[in-house]
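These notes are about the structure you will find just below.
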Amino acid sequence: MLKFDVVVFGAGPAGTVASSYLARKGFNVLVLERASFPRFVIGESLLPSCMDDFNEAGLLEGIDQSKYQIKYGATFVSGEKKCSFSFDEQYSESWSYTYQVERAKLDMDLAQQAIKNGVEIRFQSEVKSVDAKESQQITHFENAKGEQESVESRYIIDASGYGRVLPRLFDLEKPSSMAARTAVFSHFNDAGNSQVDRNKIEVHVVDESNAWLWLIPLANDCVSVGMVSSLEKANEFQLNESDNFVGFLKNFKGIEKRFKKTEALRAVDQLSGFSVAVKKKYGEGYVLCGNSTEFLDPIFSSGVALATKSALLAAKALERKLTGEQVDWSLEYEMPISESIDVFRSYIKAWYEGDLQKVFFAEKIDPTIKNQICSVLAGHVRDTTNPFVKKHKTIIKTLAKVLEIQNRK
Ligand SMILES: Cc1cc2nc3c(=O)[nH]c(=O)nc-3n(C[C@H](O)[C@H](O)[C@H](O)COP(=O)(O)OP(=O)(O)OC[C@H]3O[C@@H](n4cnc5c(N)ncnc54)[C@H](O)[C@@H]3O)c2cc1C
């Protein structure tokens, strides 16, 4: 039987960050990846905090800048009102840029760099079942030839994203705290729109029902566009039909000129019920990270940032565990990751409940406050010196009320 120190399920951002970190520390790491790469995945707008995590995992040098659109910030638009954040105006110490990426390319780059760093990756290898014990784990998988194989390891990291291998096998799934929503999305030709700021993503409020659109410019004159809404709203517009989607963009006030001559570059995809959660994030001989633990909502591009953050923290704790140290997984892993997720949860709820929109689209906002909010949007959700992290549960509601009163005067 194959034998490794660590077996990782999935070669997305969480899987490559965790495996690369551990391989560079001298551990023997095997990644089992169901798909053959490159493969399409949604999740194209990164946050600056990802850059720190890629760097620490030794993956940054594998990211070929020339393939990606640089991202300097985000602009939120509601009718005539606009609120723009630039990552160079922040409270926390941070990268001032990151990337807007085609995930097929990014995940390929990350996987290739992880291999250079000593990780073994087996593509087209789907994990089927697991026997997990305290000191010895057996993973059964189907290899690229369709044969059944098994691998023994000291530990398992489940980074299988929506595959959610261990949450399914070990009955760890629980309902998400987020309302059920759906997303319809595609890539469109964005050529000839030189007046557009391609270095920022745009988020447009569609209507009072909390539907919103993302516009993520990608390299090669392409833009990723998606609408997130209730299922009823998506059905009303029938945007899953390519012609309807193009027609919708051509008539949407504020972007109609940009999409006047556009065409869809790929079939429209639809994903529903993407918000997921788990009862616990670790157990005897295994730890979960990335979307395999929890995914909230696409509004603030937190998915990849939480995937890389959780993967790095899990890998660091595991490094200590494998060298014989005691690890308190609850204190050292589950709590900090849950706290990070909770900060984003507060902002996402505040967006859908309208308080954050009141703040973003207020006539005036104090620059210090804006920089502090910008750091949350850059993914620095562990910086508790930032009051917009520390008091995340209440501060947006309070600020929205204050701004409302000021605006009435
Ligand atoms: C509509 C929508 C829009 C989004 N937009 C953004 C965005 O703009 N920015 C952002 O940061 N995030 C975004 N996200 C979230 C983002 O897609 C995820 O959070 C991110 O991809 C999670 O990374 P991961 O490594 O955990 O999982 P993935 O990237 O999903 O990787 C998991 C890997 O595991 C493999 N796998 C699955 N099952 C098995 C198995 N049984 N055996 C072996 N391998 C397996 C899969 O093939 C896959 O390659 C969005 C999500 C949605 C739904």
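The values are calculated or read from the model by the stated rules, or taken from the named source; none is laboratory data. For clarity, every value in this text was computed on a predicted model and none was experimentally measured. Reconstructed Cβ throughout: ideal geometry from the backbone, glycine too, with neighbour counts over all protein chains shown.
Okay, residues lined up against (1) in a helix (DSSP H, G or I); (2) over 23 Å from residue 96 (Cα atoms); (3) outside the structural domain of residue 296 (by TED's automatic domain parsing):
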position: 314; (1), (2), (3): yes, yes, no
position: 318; (1), (2), (3): yes, yes, no
position: 325; (1), (2), (3): no, yes, no
position: 334; (1), (2), (3): yes, yes, no
position: 365; (1), (2), (3): no, no, yes
position: 371; (1), (2), (3): yes, no, yes
position: 379; (1), (2), (3): no, no, yes
position: 383; (1), (2), (3): no, no, yes
position: 398; (1), (2), (3): yes, yes, yes
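Out of curiosity, is residue 223 in contact (Cβ under 8 Å) with a residue 60 or more places away in the chain, under 20 Å from the mean Cα position of the chain (by Cα) and away from the ligand (no atom under 11 Å from the Cβ)? Write out each step before concluding.
Details: in contact (Cβ under 8 Å) with a residue 60 or more places away in the chain: no; under 20 Å from the mean Cα position of the chain (by Cα): yes; away from the ligand (no atom under 11 Å from the Cβ): yes.
So residue 223 does not fit the description; no.
Determine, yes or no, whether residue 247 is in a loop (DSSP other than H, G, I, E, B) and more than 9 Å from the ligand (Cβ to nearest atom). I'd like the intermediate steps shown before the answer.
Numbers: in a loop (DSSP other than H, G, I, E, B): no; more than 9 Å from the ligand (Cβ to nearest atom): yes.
It is false that residue 247 is in a loop (DSSP other than H, G, I, E, B) and more than 9 Å from the ligand (Cβ to nearest atom).
Give all pairs with beta carbons closer than 6 Å in which a residue from segment 186-212 that is on the phi < 0 side of the Ramachandran plot meets a residue that is modelled with pLDDT under 95 and acidic (Asp, Glu); count only pairs at least 6 apart in sequence or on separate chains.
So the pair list comes out as 189/263; 190/221; 191/221.
List pairs: first residue in segment 350-365 and closer than 15 Å to residue 388 by Cα, second residue at pLDDT below 95 and hydrophobic (A, V, I, L, M, F, W, C) anywhere in the structure, Cβ distance under 8 angstrom, at least six positions apart or on different chains.
359/365; 359/403; 365/403
Scan segment 309-322 and tell me whether some residue there is in contact (Cβ under 8 Å) with a residue 24 or more places away in the chain, within 10 Å of the ligand (Cβ to nearest atom), among the hydroxyl-bearing types (Ser, Thr, Tyr) and within 30 Å of residue 188 (Cα to Cα).
As a first pass, look at segment 309-322 and keep what is in contact (Cβ under 8 Å) with a residue 24 or more places away in the chain: 309-319, 321-322.
Then drop every residue that is not within 10 Å of the ligand (Cβ to nearest atom), which leaves 310-311.
With the extra rule that they be among the hydroxyl-bearing types (Ser, Thr, Tyr), the set shrinks to 310.
Those still in the list that are within 30 Å of residue 188 (Cα to Cα) too: none.
Among the residues of segment 309-322, not one is in contact (Cβ under 8 Å) with a residue 24 or more places away in the chain, within 10 Å of the ligand (Cβ to nearest atom), among the hydroxyl-bearing types (Ser, Thr, Tyr) and within 30 Å of residue 188 (Cα to Cα), which makes the answer no.
What is the residue count in segment 222-247 for residues that are surrounded by 15 or more Cβ atoms within 10 Å (Cβ to Cβ) and at positive phi?
Total meeting the criteria: 0.
Pick from 371, 386: which is at pLDDT 95 or above, surrounded by fewer than 20 Cβ atoms within 10 Å (Cβ to Cβ) and within 27 Å of the chain's Cα centre (by Cα)? Full working, then the answer.
Details: 386 fails: surrounded by fewer than 20 Cβ atoms within 10 Å (Cβ to Cβ).
371 is the lone residue from the list that is at pLDDT 95 or above, surrounded by fewer than 20 Cβ atoms within 10 Å (Cβ to Cβ) and within 27 Å of the chain's Cα centre (by Cα).
Going through segment 278-308 one residue at a time, which ones are within 16 Å of the ligand (Cβ to nearest atom) and of a type in the set (Lys, Arg)?
281
Hey, among the residues in segment 179-192 that are buried (at least 19 other Cβ atoms within 10 Å of the Cβ) and assigned to a loop (DSSP other than H, G, I, E, B), which one's nearest to the ligand (Cβ to nearest atom)?
Checking each candidate, the answer is 181.
What pairs come out if I take residues in segment 266-279 that are at positive phi and pair them with residues that are within 12 Å of the ligand (Cβ to nearest atom) and part of a strand (DSSP E or B) whose C-beta lies under 9 Å away, six or more apart or interchain?
Pairs found: 273/182.
Taking residue 275 as meeting all but one of (1) of a type in the set (Ser, Thr, Tyr); (2) more than 10 Å from the ligand (Cβ to nearest atom); (3) out of contact with any helix residue (DSSP H, G or I) (no Cβ under 9 Å at 6 or more places or on another chain), write down the number of the exception.
The failed condition is (2).
Suppose we filter segment 26-59 for residues that are surrounded by fewer than 16 Cβ atoms within 10 Å (Cβ to Cβ) and away from the ligand (no atom under 16 Å from the Cβ); how many remain?
Count: 2.
Regarding segment 12-22, can at least one residue be identified that is within 13 Å of the ligand (Cβ to nearest atom) and surrounded by fewer than 24 Cβ atoms within 10 Å (Cβ to Cβ)?
Checked against the condition, which is being within 13 Å of the ligand (Cβ to nearest atom) and surrounded by fewer than 24 Cβ atoms within 10 Å (Cβ to Cβ), segment 12-22 yields no hits at all.
Would you pick out the residues in segment 66-76 that are more than 13 Å from the ligand (Cβ to nearest atom) and crowded, with 21+ Cβ neighbours inside 10 Å?
Answer for segment 66-76, where residues must be more than 13 Å from the ligand (Cβ to nearest atom) and crowded, with 21+ Cβ neighbours inside 10 Å: 73, 76.
Tell me which strands (runs of 3 or more DSSP E) are completely within segment 100-164 and hold 2 or more residues being away from the ligand (no atom under 12 Å from the Cβ) and more than 13 Å from residue 17 (Cα to Cα), or say none if there are none.
126-132, 137-142, 148-158
Can you pull out the residues in segment 117-168 that are over 15 Å from residue 282 (Cα atoms), in contact with a strand residue (DSSP E or B) (Cβ under 7 Å, 6 or more places away or on another chain) and of a type in the set (A, V, I, L, M)?
Matches in segment 117-168: 119, 121, 127, 138, 151.
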